[in-house]
Amino acid sequence: MAMKMDLNGIIEQIETGEQDTALTALQSYNKEMNQCFTFSEGEGQDRERLGELVLALLNRELQPSCQLACLETVRILSRDKHCLGPFISRSAMSTLARYAGIAAAINATPDHNQQMEDQENPDQEVIVEALKSICNILLHNETGQVVAADLQLIKGVAERLKQCYDPTWNHEVRFFDLRLTFLLTALRVDVRAQLAQELHGVSLLGNQLDATLGLCWPDTLETARAGSEGVPPEELPPLSRQETERAMEILKILFNVTFDTTRRKVDEEEAAEYRHLGAILRHCLMSCADGDERTEEFHSHTVNLLGNLPLTCLDVLLMPKVQQGSIEYMGVNMDTVNMLMEFMEKKLDRGHKLKETLLPSLNLLTESARIHRETRKFLRSKVLPPLRDVKNKPEVGNALRNKLVRLMTHIDTDVKDCAAEFLFVLCKEISRFIKYTGYGNAAGLLAARGLLRGGRDSGVYSEDEDSETEEYREARSQINPITGVVEEEQPNPMEGMTEEQKEIEAMKLVQMFDKLSRTNLIQPMQLGMDGRMREITADDLQKLTHNPLFRPEEPRNSDEDEA
């Protein structure tokens, strides 16, 4: 009740129209409510009234301290998603955009344009409060999103993003410009397309990332941190907390902007843009943030974005020159590929939300291996080294191969298919795939591709040398192709049976099979001529029942039972 009286008192003081009185009242309210994120329903009308009064004040000529207090109040009130009515009109959003300095030229008033030109040192605190308020509104209200798109706010914020090398702007202005851009591109497909095409978003945000990381370019696609040329990224000091925050926000926006890149063809100019961005992402992947947890989050966003790049541009991952301490394979620097593999294994070991956490890096490695021979052969040497262990099942053990084979029977179809596809690409041949995973684990992928009858996949791969070890060659004749390991010889269950007894057992098996299929308890399948699995039809079952071994089970009467 006391809070309600205070709010009514504040409203009364603002209604007097005196700027100093309103300033004192708003500063008191803001101090008390600054950390409030939940609101009581009973005061909703009062909060909306307060919002209307504050917006009316913002359209008057105010001293800077009163501007700031009003915008702080709007920021607090805009946290309440149920009382956003005063803030989602075109006029209200225009007012906030003007204070944020992002009103597009077509929407800004002449007075405001002159005001911005005269204001050589804009109040960055005011700008930040206005940006925060707009972000809250977009986060909670669809009408606000529509109005923001209609007002072309993306154009206004893009103009300031172009000033990424200007030291005038502090971290908070830069960060909330990026946060607003992220929300607009995440929530509005039309704004995402506008930023990507009309405003050249990839180039614009690539420059942002370049400036945030403090990069220089010793060569066309070779990056270094300015002042530390020649030092590998992994040996540089960690990025600061603020640099990391801005970099991750840029990566998230770029993910939105490039979401459909792999689904369409890109021209030469776009390809050059994406390769340039790929070089920056390679630097991100090899850099550290402030702390292990933040570094992992930073790398996750980087991997997600790399997965959106056109496949033909992924060769930038292999471009750094081989230096002392580099991982070299076939004369190529494999530091980035090795980092991706370690990152993937870390996510795999954690085992939490594999679809969201593991698949981006696993898919990226799969596609890189598919199109780059050196990458594929390097990964195979790490994941599928020459096979010597022929006594343990492929899914048993702690090696990366064992972990991936275990995923081939995962309950989530996407995880299962992705793991199988990765191993299949590394193996390149069906026989090698079966050798490393066992026919039982491999059957799902082979059936989906119509390859159960053997042969080669239709993919284009370079030739490989024979990788069989002496241990494998010696044990090959004893290996069970289903499990992929040497198993102890099992006794023949039909040993000692007469031919008549064997026929009786066969008849029982067919009868049980028929009964289960007729009651729909199982769905019988068989291998078709095209190598794919198909359902057994009624005709197939009819043919089976005409087999001389099959005799339908006749009901017996009680006399026969007693006899």
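The values are calculated or read from the model by the stated rules, or taken from the named source; none is laboratory data. Just so we're clear, the structure is a prediction, and the values are computed from it rather than from any experiment. Counting neighbours? That spans all protein chains shown, and the Cβs are built from the backbone with ideal geometry, glycine included. With ligands, DNA and RNA removed, areas are computed over all heavy atoms of the protein, side chains included. Shrake-Rupley method; radii C 1.70, N 1.55, O 1.52, S 1.80 Å.
Looking only at the stretch 172-202, count every residue that is farther than 15 Å from Gly156 by Cα and without any contact (Cβ under 8 Å) to a residue 40 or more places away in the chain and tell me the total.
Here the count works out to 3.
Identify, please: which residue in the stretch 302-317 is open to solvent by 10 Å² or more (accessible area, probe 1.4 Å) and among the polar types (S, T, N, Q) and is, among those, farthest from the chain's Cα centre (by Cα)?
Ranking the qualifying residues of the stretch 302-317, first place goes to Thr312.
Pick from Leu183, Leu199, Leu254, Leu239: which is open to solvent by less than 60 Å² (accessible area, probe 1.4 Å), assigned to a loop (DSSP other than H, G, I, E, B) and under 18 Å from His301 (Cβ atoms)?
Leu239
Could you list all residues from the stretch 347-361 that are loosely packed, with under 13 Cβ neighbours inside 10 Å and either of a type in the set (Asp, Glu) or not in a loop (DSSP other than H, G, I, E, B) (or both)?
Passing the criteria: Asp349, Arg350, Glu356.
Conditions first: (1) assigned to a loop (DSSP other than H, G, I, E, B); (2) modelled with pLDDT under 90. His82 passes all but one, so which condition is the exception?
Evaluating His82 over (1) assigned to a loop (DSSP other than H, G, I, E, B); (2) modelled with pLDDT under 90 leaves (2) as the failure.
Just the residues that are in a helix (DSSP H, G or I), polar (S, T, N, Q) and within 21 Å of Asn363 (Cβ to Cβ), please, taken from the stretch 295-346.
Correct list: Ser300, Thr302, Asn304, Thr312, Thr336, Asn338.
List, please: which pairs have Cβ atoms under 7 Å, are six or more places apart or on different chains, and start with a residue in the stretch 2-16 that is closer than 11 Å to Leu26 by Cα and assigned to a helix (DSSP H, G or I) and end with one that is open to solvent by 80 Å² or more (accessible area, probe 1.4 Å) and at pLDDT 85 or above?
Ile11/Arg49
Residues Glu245, Glu229: which one is charged (D, E, K, R), part of a helix (DSSP H, G or I) and either farther than 28 Å from Arg188 by Cβ or in contact (Cβ under 8 Å) with a residue 24 or more places away in the chain (or both)?
Going through Glu245, Glu229 in turn, just one is charged (D, E, K, R), part of a helix (DSSP H, G or I) and either farther than 28 Å from Arg188 by Cβ or in contact (Cβ under 8 Å) with a residue 24 or more places away in the chain (or both): Glu245.
Conditions (1) free of Cβ contacts under 8 Å to residues at least 12 places away in the same chain; (2) charged (D, E, K, R), marked per residue:
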| residue | (1), (2) |
| --- | --- |
| Phe259 | no, no |
| Asp267 | yes, yes |
| Tyr274 | no, no |
| Gly278 | no, no |
| Leu281 | no, no |
| Asp290 | no, yes |
| His299 | no, no |
| Leu305 | no, no |
| Leu311 | no, no |
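Assess whether Leu131 counts as being farther than 17 Å from Leu71 by Cα, modelled with pLDDT of 95 or more and assigned to a helix (DSSP H, G or I).
So Leu131 fails the test.
What number of residues within the stretch 21-80 satisfy the criterion of being touching a Gly at 6+ places or on another chain (Cβ under 8 Å), open to solvent by 10 Å² or more (accessible area, probe 1.4 Å) and closer than 17 Å to Ile127 by Cβ?
0
Considering only the stretch 426-442, state which residues are open to solvent by 30 Å² or more (accessible area, probe 1.4 Å), assigned to a helix (DSSP H, G or I) and out of contact with any helix residue (DSSP H, G or I) (no Cβ under 7 Å at 6 or more places or on another chain).
Correct list: Ser431, Tyr439, Gly440.
Only one of Glu474, Glu495, Glu470 is at pLDDT 70 or above and open to solvent by 90 Å² or more (accessible area, probe 1.4 Å). Can you tell me which?
Glu495
Would you confirm whether any residue within the stretch 446-459 is modelled with pLDDT of 75 or more, surrounded by 14 or more Cβ atoms within 10 Å (Cβ to Cβ) and farther than 30 Å from Glu374 by Cβ?
Yes, some residue in the stretch 446-459 is modelled with pLDDT of 75 or more, surrounded by 14 or more Cβ atoms within 10 Å (Cβ to Cβ) and farther than 30 Å from Glu374 by Cβ.
Assuming Thr409 fulfils every condition listed in (1) polar (S, T, N, Q); (2) farther than 15 Å from Leu317 by Cβ; (3) part of a helix (DSSP H, G or I) apart from one, which condition is it?
Going through the list (1) polar (S, T, N, Q); (2) farther than 15 Å from Leu317 by Cβ; (3) part of a helix (DSSP H, G or I), Thr409 breaks only (3).
When you go through (1) modelled with pLDDT of 95 or more; (2) over 20 Å from Met319 (Cα atoms); (3) in contact with a Phe, Trp or Tyr (Cβ under 8 Å, 6 or more places away or on another chain) one by one for Leu187, which number turns out not to apply?
With respect to (1) modelled with pLDDT of 95 or more; (2) over 20 Å from Met319 (Cα atoms); (3) in contact with a Phe, Trp or Tyr (Cβ under 8 Å, 6 or more places away or on another chain), Leu187 is out only on (3).
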